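Okay, so here's the structure we're looking at.
The values are calculated or read from the model by the stated rules, or taken from the named source; none is laboratory data. Quantities reported herein were computed from a predicted structural model and do not represent experimental measurements. Neighbour counts are summed over all protein chains in view; Cβ atoms, including those assigned to glycine, are modelled from backbone coordinates with ideal geometry.
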Amino acid sequence: MGETKILVVDDEPRMRKLVRDFLNKEGYSVTEACDGEEAYNIFLKSKDIALIIMDIMMPKMDGYEAAEEIRKLSKVPIILLTAKSEEKDELRGFSVGVDEYITKPFSPRVLVARVNAILRRTVQEESVQSMEAGGIFLDITAHQVTVDGNPVELSFKEFELLQFFMENQGIALSREKILNGVWNYDYFGDARTIDTHVKKLRAKLGEQGKYIHTIWAMGYKFEVTKE
């Protein structure tokens, strides 16, 4: 982990130091930038930045603009930090391709936990070719699913939804989190579209559909339970 480099971007030196100190304790290497323009230039020159943590309200180039430009070049994970908490602001961040959106003030420990989770998932996506849980076998490379050895025909989104659930086993996922993870906020309609896809996915999984648990007033959790 010591070789994993994270770019921290904020026009407030104290905020950069706070984030840097917690990341250093976790074993990460940190590079700093004081505005979006500097961050973009650093990213252009660096080939080893694994993740970017960036404030939104900055001079020269704000976080939205910097994220949009960087996303044209790379799929590097981006976490935006901001004092704003409006839904439209979050949607704007997700629309340019950010991975997380954290509102200030925040717990540095929570930030580090999210960094760890995003990087684990990034490594998993690059290395894992298949997954299995409760008799459900998902072949990522072939884009095929079998249940107890029997092939199951899923739509593209149903496959991605199942993959997202299996990657996050045991974790309660809000509809917004699922929308971001599966639809990447390309879909700006009612988040309840997820309910429709979950219903169809459960039906196609048959008996194993019970592993997709409804979390009342929140979303869903994929968990293989033994009876």
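Computed quantities for the displayed model
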| item | result |
| --- | --- |
| Residue in the stretch 198-210 that is modelled with pLDDT under 90, buried (at least 18 other Cβ atoms within 10 Å of the Cβ) and either more than 22 Å from residue 97 (Cβ to Cβ) or among the small types (Gly, Ala, Ser) (or both) present | no |
| Residue satisfying all of: in the stretch 211-227; of a type in the set (A, V, I, L, M, F, W, C) and at pLDDT 95 or above; surrounded by the most Cβ atoms within 10 Å (Cβ to Cβ) among these | 222 |
| Of residues in the stretch 53-107 being crowded, with 16+ Cβ neighbours inside 10 Å and of a type in the set (Phe, Trp, Tyr), the one modelled with the lowest pLDDT | 94 |
